[in-house]
1. Filter the cross-link list LYS80/LYS314; LYS332/LYS478; LYS314/LYS478 down to pairs whose alpha-carbon distance in this structure exceeds 18 Å.
2. Bin width 10 Å, origin at 0, all Cα-Cα pairs of the chain: what percent of pairs per bin?
3. Of all GluC sites (Glu not before Pro) in the range 101-149, which ones are in loop regions per DSSP and have a Cβ with at most 11 other Cβ atoms within 10 Å?
4. Could you tell me whether the range 95-209 comes out rounded, prolate or oblate from its Cα gyration tensor? Rule is a ≥ b ≥ c as square roots of the eigenvalues, rounded for a/c under 1.5, then prolate if a/b exceeds b/c, otherwise oblate.
5. Which ³J(HN,Hα) values, rounded to whole Hz and listed in residue order, are derived for the range 342-358 from phi using the Karplus coefficients 6.51, -1.76 and 1.60 in 6.51 cos²θ - 1.76 cosθ + 1.60 with θ = phi - 60°, glycine and proline given as x?
6. Can you list residues from other chains, or at least 5 along the same chain, whose modelled amide H is less than 5 Å from the amide H of ASP66?
7. If the limit is 25 Å between Cα atoms, which of LYS302/LYS438; LYS302/LYS407; LYS222/LYS365; LYS379/LYS411; LYS2/LYS222; LYS60/LYS191 go over it?
8. Only bridges whose two residues both fall in the chain count here: according to DSSP, what percent of them are antiparallel, nearest 5?
Amino acid sequence: MKNLNRSAVKANTYTERIIQFGEGNFLRAFANWMIHEMNKQANFDGGVVAVQPINQGLIKMLNDQDGLYTLYLNGIKNGKAISEHEIIDCIQRGINPYENHTDYLAVAENPDLRFMISNTTEAGISYNADDRLEDAPQSSFPGKLTALLYKRFQTFGGASDKGLILIPCELIDHNGENLKRIILQYADDWKLGDEFVEWINDDNIFCNTLVDRIVPGYPRDKMDAITSELGYKDNLVVEGEQFHLWVIEGPASVKEEIPAEICGLNIVFTDNQEPYRTRKVRILNGAHTSLVPVGYLYGIDKVRESLEDEVVGKFLKDAIFNEICPTLDLSKEELEQFSNDVLDRFRNPYLEHALMSISLNSTSKYKTRVLPSVLEYIKRKNENPKHLLFSLAALIAFYKGERGDEKYVVKDDQSVLDFFAEQWVKGDAASVVKATLKNTAFWGTDLTQFEGLEETVTNSLESIITNGMKATLQAFIK
């Protein structure tokens, strides 16, 4: 059977306009797929040079396949469960700067280079005081990038039209601003001069971003069937869900250079990404966290099964549309569309998310993902959000570690586990609720100060303990 490469299949060649730090599953299923779509639909002519940001990586494997790989997108699309695949051909070549540092710096001399994309894990945008300009290469990603930008500055004499649009995808707040801050720190450390600093500030655009697509990655357990279906060997097959969202915060000029809209891509260009980040955390992550203790104690093990259950599914939908969405400031249409997309993602028959696998550190997750909705709802409505507080009662019950006659292990920091173990020894729902709500180490505030909140949670917890989750939830949603 033939191996996937440009001799074996027909593939397009594009102008190298994008340098990409990271060759892993996420970028290939996310950013590279979008570049591929813009190349097909809008003549974007975006060729990618992929750079391996750490010593170990996939660049050799990628080059063996001439930058080609097969992407499977599986999930709900236009209301139907769809699995589709395509060869992605936007990556033109890969460079390992640890082996070919000269080739790496030579990318800076390309007059067509316009964009930088990265995904080097959350720890990738970090400062290493030991990095030096003469290193080949620097150990940190920002160090490598600074050296490349300085080479470009020197090559083109600081020409204003040779700056880059930098679009990092690392999962940290204000990723673009943090990347720029570290680059400027290296410019100072390495004494690269005021003119270089001015060029960085004036002629390069650092975008903050929010990225969203579930990428399970390489489908190892299905590769025999996939290879048979494809008719060629591909060592870089990657799977992703159908849903995608890329929020790019930057000046309006960035949108003019990225033809996402005419391609139907879900890329949002904005001067403020915070409402979108809040929407994701409150609706997507908040729904997950609200669901876990309710669905699991109800007797369900998977996210998809929870949505398919009439009772649990209704509970979650009511929580999202009636209690979370009203606390957000985007348009009703945007919020409802995003919420429906989230529910479709939860229903994805190609992805099986175990509730227990996403229950890790549920108390801290409730604080960051759900509690802001609770407090904002109280502020705006002057009443308690009963579904989100029912979830809090279920969360307290979850930490008891019992589902009927079944015992299970809760995973959290030991201090959290010790707290709940101590409270449940008392066996009194009311005292457990009071102690939990007053634990400012959990919530950052004393939740008993909010009128009716303690009583609401206590009543739900007492019913869960006495009658069981099924009977309690069935009565609750009526």
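A short reminder: the numbers here are calculations on the coordinates, not readings from a lab. Treat the numbers as computed from the prediction; the structure is a model and nothing was measured. When we count neighbours, we look across all protein chains shown, and the Cβ atoms used for this are built from the backbone with ideal geometry, even at glycine.
1. LYS80/LYS314; LYS332/LYS478
2. All Cα pairs considered, the percentages come to 4, 18, 25, 22, 18, 10, 3, 0.
3. GLU122, GLU134
4. Rounded.
5. So the Karplus estimates, Gly and Pro as x, are 4, 5, 4, 5, 5, 7, 3, x, 8, 10, 10, 9, 6, 4, 5, 6, 9 Hz.
6. For ASP66, no residues qualify.
7. Over 25 Å Cα-Cα: LYS302/LYS438; LYS222/LYS365; LYS379/LYS411; LYS60/LYS191.
8. 40 percent
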